[in-house]
1. If you stretched the chain out fully between Gln173 and Arg56, how much longer would it get, using 0.36 nm times the residue separation minus the C-alpha to C-alpha distance?
2. Nearest 500 deg cm²/dmol is fine: what mean residue ellipticity at 222 nm does the chain get from its DSSP H runs of n ≥ 4 alone, each adding -39,500 (n - 2.57), divided by its residue count?
3. Over all alpha-carbon pairs in region 106-187, figure out the percentage whose distance exceeds 23 Å.
4. Could you order the peptides 87-93, 97-103 from most to least packed, using the average number of other C-beta atoms within 10 Å per residue?
5. Per-residue counts of other Cβ atoms within 10 Å, averaged by peptide: what ranking do you get for 147-158, 51-62, 129-140, 33-44, highest first?
6. For a label point 7 angstrom out from the Cα of Ser83 toward its Cβ, which stretches of region 107-130 have the backbone nitrogen within less than 19 Å?
7. Can you sort Leu66, Leu45 by how many other beta carbons sit within 10 Å, fewest first?
8. Return the distance in nm (one decimal) between the two label points of a simple spin-label model at Val13 and Ala106, each offset 7 Å from Cα along Cα→Cβ.
Amino acid sequence: MPALYQHDPFLVVQGFLWSGGRWADVLWMGATMACEGWAMALIALLFAWARLRRVRGLLWAALPLLAALLLAGLLSQLLKNLSGTPRPLAVLGPERVHVLLEPLRAQAFPSGHSASAAALAFAALRRFGKAAWPLFLLALLGGLSRIYVGAHWTLDVLGGWAVGALSAWMVWQVERWIACRRSPSEG
């Protein structure tokens, strides 16, 4: 086992989540699928539309959300390629890891699903305030779902959430920079 994952509570968390029985499979697989890139982009657009209730200005309102998603995806893939860490199934084997969906064995860190969900939640918080709370719930469930389906270590999920938060912050910084450049300089 890689030193990075020596003390990862993956088996404890997965065991706790699985203790609810098979009835939870649909819920957790749904949360995982909702945090895929294309689904996150659709959720971002629907969330922005629900806040605005009009098509006019929708793309402008959703642009930072989509930019944060794109950046989170790019950073996640870059880190996955740089770290090359194995997934729980590759380390612990099928007898110890409950796997749903496609069995994955490579490029674990960070969880891209978790990064996308956190990026959307934090970008929406910045753009729409407290109304973003359902997206934080989705980010929490989406991250836990990656452990439930056997795709990621707990550390991968935490890393994904950090990448997502960082991505949203970086987009916000670019927005601020653009706003400063647009406003007439004083002096």
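1. Details: separation 117, 0.36 × 117 = 42.12 nm, distance 2.48 nm.
Gain on extension, Gln173 to Arg56, equals 39.6 nm.
2. Numbers: 8 runs with 128 residues, N = 187.
Calculated mean residue ellipticity at 222 nm is -22500 deg cm²/dmol.
3. Details: 1049 of 3321 pairs.
When every Cα pair of region 106-187 is considered, 32 percent fall beyond 23 Å.
4. Taking the mean over residues of other Cβ atoms within 10 Å, the ranking is 87-93, 97-103.
5. Numbers: 147-158: 25.2, 51-62: 12.8, 129-140: 16.2, 33-44: 18.4.
Packing order, densest peptide first, comes out as 147-158, 33-44, 129-140, 51-62.
6. 107-120
7. In order of increasing Cβ crowding within 10 Å: Leu45, Leu66.
8. Placing both labels 7 Å beyond Cα along the Cβ direction yields 2.4 nm.
Laboratory data are not the source of any read-out in this text; all were calculated from the coordinates shown. As the structure is a prediction and not an experimental result, all values here were calculated from the model. So basically every Cβ, Gly included, is an ideal-geometry build from the backbone, and we count neighbours across all protein chains shown.
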